[in-house]
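S.K.: Encoded as structure tokens, here's the structure I'll be asking about.
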Amino acid sequence: RDWSSDVCSSDLNFFAACYSFKVFGQSPAASAIGATLFTFGLPVSAQMGHAQLHYRFGLALAITYFYLFLTRHDWRAFLLSCLWLVWQFFCSIYMGFFASLFVGSLAAFFLLQQLCEKNLKTSRRGSLPLAEFLRRWRALGYIKRVQFWILLLLALSALVLLFFPYLEVTKLYRFTRTWIEVSAMTPRLLRYLIADH
């Protein structure tokens, strides 16, 4: 077993999580504690035999930058989130898939919260943040928008290239799973309390 890859993945996971907590305004001590739990928590240590779950640093950075995009309407943060998400897919398709589900649910809950605030008139802003997103998009300038689209298309192209062999194998061997099989493998809260090892 190659322990150097475990150490490298742990370092990357720790520093990415520590950076994410600092971006969210946590103190250095709180950032270190949060990064330690992210890197060495019991659910993580139970998966040490699964190499595909070691590199999770892209997960922390993709979620952090996507949250910054939602709260600060920063398109650069959205692009960085997409790039880290694609990177996470290349490190581990499993973690990339679950990170994309989390990012999608984060966006859905954010929009739901904005709608509820607008309907209950508890929001300080007069309209939904869509207008602010559009205003920030127009403020980028033509060159920055073209660069944004080029980088986003390159990231999506890399993702398509990653999934192409999997799609070919699926078509060739007719691999499919029923919903019962898939739902049996999805993470559940009770699974974190099971001590298999």
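S.K.: Within the range 19-55, can you find the residues that are over 20 Å from the mean Cα position of the chain (by Cα) and at pLDDT below 80?
M.R.: Once the filter is applied, which keeps residues that are over 20 Å from the mean Cα position of the chain (by Cα) and at pLDDT below 80, the range 19-55 yields LEU42, SER45, ALA46, MET48, GLY49.
S.K.: Also, quick follow-up: Kindly indicate whether ARG125 is out of contact with any strand residue (DSSP E or B) (no Cβ under 8 Å at 6 or more places or on another chain), at pLDDT below 90 and open to solvent by 40 Å² or more (accessible area, probe 1.4 Å). Spell out how you get there, then give the answer.
M.R.: Working: out of contact with any strand residue (DSSP E or B) (no Cβ under 8 Å at 6 or more places or on another chain): yes; at pLDDT below 90: yes; open to solvent by 40 Å² or more (accessible area, probe 1.4 Å): yes.
Yes, satisfied.
S.K.: Is it the case that PHE69 is of a type in the set (Phe, Trp, Tyr), crowded, with 22+ Cβ neighbours inside 10 Å, modelled with pLDDT of 90 or more and in a helix (DSSP H, G or I)? Lay out the reasoning, then the answer.
M.R.: Values: of a type in the set (Phe, Trp, Tyr): yes; crowded, with 22+ Cβ neighbours inside 10 Å: yes; modelled with pLDDT of 90 or more: yes; in a helix (DSSP H, G or I): yes.
Considered against the rule, which asks whether it is of a type in the set (Phe, Trp, Tyr), crowded, with 22+ Cβ neighbours inside 10 Å, modelled with pLDDT of 90 or more and in a helix (DSSP H, G or I), PHE69 comes out as yes.
S.K.: Under 6 Å by Cβ, and 6 or more places apart or on different chains, what pairs join a residue from the range 152-177 that is touching a residue at least 24 places away in the same chain (Cβ under 8 Å) and under 17 Å from GLY58 (Cβ atoms) with one that is of a type in the set (A, V, I, L, M) and assigned to a helix (DSSP H, G or I)?
M.R.: ALA155/LEU83; ALA155/VAL86; ALA158/VAL86; LEU159/VAL86
S.K.: Go through (1) open to solvent by less than 50 Å² (accessible area, probe 1.4 Å); (2) outside any helix (DSSP H, G or I) and name the single condition PHE175 misses.
M.R.: (1)
The values are calculated or read from the model by the stated rules, or taken from the named source; none is laboratory data. These numbers come from a predicted model, not from an experiment. FYI the Cβ positions are ideal-geometry reconstructions off the backbone, even for glycines, and counts take in every protein chain you see. The protein model used for the area step is the full one, side chains on, heavy atoms only, and it has no ligands, DNA or RNA in it. Shrake-Rupley method; radii C 1.70, N 1.55, O 1.52, S 1.80 Å.
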